[in-house]
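Report on the following structure.
The values are calculated or read from the model by the stated rules, or taken from the named source; none is laboratory data. Small disclaimer: the values here were computed from a predicted structure and weren't measured. For neighbour counting, all protein chains shown are included, and Cβ atoms are generated from backbone atoms with ideal geometry for every residue, glycine included. Heavy atoms of the whole protein, side chains included, go into the accessibility calculation; ligands, DNA and RNA do not. Shrake-Rupley method; radii C 1.70, N 1.55, O 1.52, S 1.80 Å.
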Amino acid sequence: MNPNDPLSQLADIHLPPTISQWPPAYGWWLLVCTLLILTILGIRWFLNYRRKRQYKVEATAALAGIQQQFQSDKNSLAALEAINSLLKQTCMTHYGRNETAGLSGDAWLSFLDNTGNTKDFSKGPGRSLTYTLYTPNPIAPIDELIDITKKWITKQP
């Protein structure tokens, strides 16, 4: 060290300590909480949506079983009863027991037409759900009835 050189007597520069990453700033906490709440709400919405739509999946599977049973035994009466029962169960599940349980005859077919946005039940093959259900050996277009029932199920909200 040179006593005449005042710069040689200076100490090195001391850097301040690095800024800690923890705890994060309030904005980050707010962002994390918002994302967590949105994720929980999204999961709840999805599960509720799936639960509300589950009846359609089950009704479609039951209809496939009815179709398979009809193709194996060609029993029109059993198929008509099963399709009518499936439609009633589906309506009671989605629209409620009070609104649909007491419907029969033309009122039942009109309800199916209104909820399915069709005329296939009151003016088409769906007519067989009322007048042929109570005959001993019904002759009904079961394949067409299965098709319009499948369309009706898919049109439900």
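Points worth noting:
- Members of the stretch 92-127 that are under 19 Å from Lys52 (Cα atoms), open to solvent by less than 70 Å² (accessible area, probe 1.4 Å) and either in contact (Cβ under 8 Å) with a residue 24 or more places away in the chain or in contact with a strand residue (DSSP E or B) (Cβ under 7 Å, 6 or more places away or on another chain) (or both): His94, Thr115, Gly116
- Every condition in (1) open to solvent by less than 100 Å² (accessible area, probe 1.4 Å); (2) among the hydroxyl-bearing types (Ser, Thr, Tyr); (3) in a helix (DSSP H, G or I) is met by Ser20 except one, and the failing one is (3).
- Of all the criteria given as (1) within 14 Å of Lys56 (Cα to Cα); (2) of a type in the set (S, T, N, Q); (3) loosely packed, with under 13 Cβ neighbours inside 10 Å, the one not satisfied by Gln89 is (3).
- Residue among Leu31, Leu7, Leu41 that is in a helix (DSSP H, G or I) and under 30 Å from Ile153 (Cα atoms): Leu41
- Residue check, Thr130 under 20 Å from the mean Cα position of the chain (by Cα), open to solvent by 10 Å² or more (accessible area, probe 1.4 Å), more than 14 Å from Trp152 (Cα to Cα) and not basic (Lys, Arg): no
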